1. Just name the residue that is surrounded by the fewest Cβ atoms within 10 Å (Cβ to Cβ) out of those in the range 200-223 that are touching a helix residue (DSSP H, G or I) at 6+ places or on another chain (Cβ under 7 Å) and closer than 30 Å to ASN44 by Cβ.
2. If a residue has to be touching a residue at least 40 places away in the same chain (Cβ under 8 Å) and either among the aromatic types (Phe, Trp, Tyr) or crowded, with 19+ Cβ neighbours inside 10 Å (or both) to count, how many in the range 29-45 make the cut?
3. Return the residue satisfying two criteria in turn: it lies in the range 247-287 and is within 14 Å of ILE166 (Cβ to Cβ) and among the charged types (D, E, K, R), and of such residues it is surrounded by the most Cβ atoms within 10 Å (Cβ to Cβ).
4. Inside the range 171-194, can you point out the residues that are surrounded by fewer than 16 Cβ atoms within 10 Å (Cβ to Cβ) and not in a loop (DSSP other than H, G, I, E, B)?
5. Just to be sure, is THR31 β-branched (Val, Ile, Thr) and either part of a helix (DSSP H, G or I) or assigned by TED's automatic domain parsing to the domain that holds TRP283 (or both)?
Amino acid sequence: MAAAARKTKSTLDFHQIPNFYCCYLLKSVRTTRATATYIGSTPNPSRRIRQHNGEISAGAWKTKHNRPWIMQMIVHGFPSKLAALQFEWAWQHPHVSRHLRDQDGKALFPGTNRPRMIKTLVKVVRTMVASFPYTTWPLHVKFFTEEAERLWNTLSGDPTIPPLPIGLTVRAEFEGVDGKSGKVGSGRCGPVDVTDAVFTSSHLAKHEAILASGRRLHCVVCKDALDTYQTKPLDSTLCPTPGCTATAHLACLGHHFLSLQPSSTGLVPRGGECPRCQSYILWGDIARGSCRRHAGGVAAHELDNDDQSDVDEVASLESEDLGQVLRPLFRSSGSGMFRGKEGGTMACARRDPWSLPAGEFPFSCPRSS
């Protein structure tokens, strides 16, 4: 009997940022008046929709009674499967999520039941991507139907929804998640790319060219020599902007970005302008590049599962210290400085690109309050 495929997991020594992980919204088209919806998460949305529609036998049993389904939209860019599961649960349960509260602690989406209508679910997710802690993750949005895009756009002037954060991209790809809708979209041929091969190959090629040049590298922020760039890739950064070869100490760049964001509530920045090329770069892309340099390529393939217990387990983290729960996923070395909770600075271990002082979750996923 063939050995069962092993699920890839982050370890204390090395956190693998997934090549791709998304949360998705489905709507049933069983009849012209069908309104059933479903929210899930997956590393491969084109394969997942086939499971939901029964084209692949494994998994997705909860949606068999309302087939067929159309994938309306996805939110992608999660730094880990755990982050995607947390987002998925909050999208499913906005009425009880502690991250979707106003300044007085009242639920932004009150009620005793999960929202089911697509209009409400689109409003929930637009609110989420514009709210802390999700604004500290490098998230992006894709629409696969005109309906989802229209509902999203009608919320542009809603005063109850914060403005979208800088760096978040919103794309309409009406050719569908599998590229087979028959409609004109973004020009993509085939399914949504989940390999991260384009970013990784380009970033590693630039990295290898820098090494081949033989020149001594310096931190673009502090101007000191960056002699550990090759030996300790998780302590250094390479600008992810095509054509820019700016390098920096991880801690220096993080502190520099935070100094330009005095109102930020996080311990790690959302992003900032590269001191050399002046392009706005997401901290998520900076760290992804460091992890790809450390691994020498893309991450191992993530496996889907259909276990609701995973989502429910993450739900319990909303009442615990999420940072402490995830702390074992990240390694530490060296020393550095990041901002403390009151906006000052605090000493911390210079860890991989996601690690934070006091056990906080990378991308500033907050402690519960």
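1. Applying the filter and picking the extreme gives LEU204.
2. From the range 29-45, those touching a residue at least 40 places away in the same chain (Cβ under 8 Å) are 29, 35-37, 39-45; that's our starting set.
Narrowing the set further to residues that are either among the aromatic types (Phe, Trp, Tyr) or crowded, with 19+ Cβ neighbours inside 10 Å (or both) leaves 37, 39-45.
Number satisfying all stated conditions: 8.
3. Going through the qualifying residues, I end up with ARG270.
4. Correct list: ARG171 only.
5. Working: β-branched (Val, Ile, Thr): yes; either part of a helix (DSSP H, G or I) or assigned by TED's automatic domain parsing to the domain that holds TRP283 (or both): no.
No; evaluated as a whole, the condition is false for this residue.
Per-residue answers, yes or no, for (1) aromatic (Phe, Trp, Tyr); (2) over 20 Å from VAL268 (Cβ atoms); (3) surrounded by fewer than 24 Cβ atoms within 10 Å (Cβ to Cβ); (4) at pLDDT 95 or above:
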site: PRO68; (1), (2), (3), (4): no, yes, yes, yes
site: MET71; (1), (2), (3), (4): no, yes, no, yes
site: PRO79; (1), (2), (3), (4): no, no, no, no
site: GLU88; (1), (2), (3), (4): no, yes, yes, yes
site: THR136; (1), (2), (3), (4): no, no, no, no
site: VAL141; (1), (2), (3), (4): no, yes, yes, yes
site: PHE144; (1), (2), (3), (4): yes, yes, no, yes
site: GLU147; (1), (2), (3), (4): no, yes, yes, yes
site: TRP152; (1), (2), (3), (4): yes, yes, yes, yes
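The values are calculated or read from the model by the stated rules, or taken from the named source; none is laboratory data. In this text the structure is predicted, and so the values were computed from the model without any measurement. For neighbour counting, all protein chains shown are included, and Cβ atoms are generated from backbone atoms with ideal geometry for every residue, glycine included.
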